[in-house]
């Protein structure tokens, strides 16, 4: 077997792609005609799945690596990120319970969108640079683990 290692996709590239995907889903949701609750429900489920898997891989793999590799500043950033995730999960749960038939569903989804987009922007500007400061081998290992875990969780989330 050759010594050439397959190039691993950088963890931050994968997470950034997730951010873009969910941003597109939020935009698509806004294009759905008023009253089309079936389409809204389907797209909400896709958004929920994307955010759930994304948060889980960050919390299990990405954030602990940033915390371990950084100082007090990265610890504070990760604490804030965890709190933002908690709020997003709470909104997702509330939305799932009420469904798009509810009068307040669209308003609550808009609040979710604003929270998620703010979190993604902050993460890319403040936390991703912490990842770039880690040792290359560590970054590669984290990236590989993150991609593998995301694939595993995405398959588990598939409807039966």
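With the structure loaded, tell me whether residue 153 is at pLDDT below 95 and either part of a helix (DSSP H, G or I) or surrounded by 11 or more Cβ atoms within 10 Å (Cβ to Cβ) (or both) or whether it fails that test.
Judged against the criteria, residue 153 is a match.
Taking the range 27-54, which residues are in contact (Cβ under 8 Å) with a residue 12 or more places away in the chain and either over 13 Å from the mean Cα position of the chain (by Cα) or farther than 28 Å from residue 148 by Cα (or both)?
Answer for the range 27-54, where residues must be in contact (Cβ under 8 Å) with a residue 12 or more places away in the chain and either over 13 Å from the mean Cα position of the chain (by Cα) or farther than 28 Å from residue 148 by Cα (or both): 28, 29, 37, 40, 41, 43, 44.
Quickly run through the range 91-117 and pick out the residues that are exposed (fewer than 12 other Cβ atoms within 10 Å of the Cβ) and either closer than 14 Å to residue 29 by Cβ or free of Cβ contacts under 8 Å to residues at least 24 places away in the same chain (or both).
93, 97, 103, 104, 107, 114
The values are calculated or read from the model by the stated rules, or taken from the named source; none is laboratory data. Small disclaimer: the values here were computed from a predicted structure and weren't measured. Virtual Cβ from ideal backbone geometry, glycine too; neighbours counted across all protein chains shown.
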